[in-house]
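Here is the structure we will look at.
None of the figures in this text is laboratory data; all of them are computed from the coordinates on show. Remember, predicted model here, so these are calculated numbers, not experimental data. Glycine gets a Cβ as well: all are built from the backbone with ideal geometry, and neighbour counts include every protein chain shown.
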Amino acid sequence: MIRFKTVNLMPMVLRWWKPTKEEWTPILLDDHPQFWRKQVDPTTGQPWKKLSPGYAAWKNQVAPGNPILRLTGTMLDASYIYTRGNKFLVKTTPYGASNQFGTKGKPARPWMGVPNISLNQLPPIAWKHITRRYRTL
């Protein structure tokens, strides 16, 4: 699960936060499919580790032509980002975390993160809501 949160925000200042995070959430999720198509980590651009030869052969028989991390499509299609308090959380399949962070027998293939294209869109949205809130004080 990917998490980031804001800390030490005074309650008076938080009036901008709710509309900001509501606008940020779809951006954070909508930017990810392009990285799945490229099979790269969205935050670094590094290619995902190749599948082991045995798993790659099995996958080619079961789901020929599907890229890494795409067998049924459930993980990408069913994943979503939501907020709880000051945190952004990712809800995904039970195996989403093992793909993101790796396990003892499987390398990490980070598929969720905050890519630069998202980071470029977030500050103007926050600024819009911050300035709107202060104009109404």
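Descriptive notes on the structure:
- Candidates Pro94, Pro26, Pro42, ranked by Gaussian network fluctuation over the chain, Cα under 10 Å, top entry: Pro94
- Two-decimal Rg to Rh for the chain - Kirkwood Rh, Cα set: 1.08
- Amide H within-cut-off set for Phe88, under 5 Å, with H built and near neighbours excluded: Phe4
- Put a dot 7 Å past the Cα of Asp30, heading toward its Cβ, do the same for Ala63, and the two dots end up 2.6 nm apart.
- Its relative contact order, with pairs defined as Cα atoms under 8 Å and 6+ residues apart, puts the stretch 8-135 at 36 percent.
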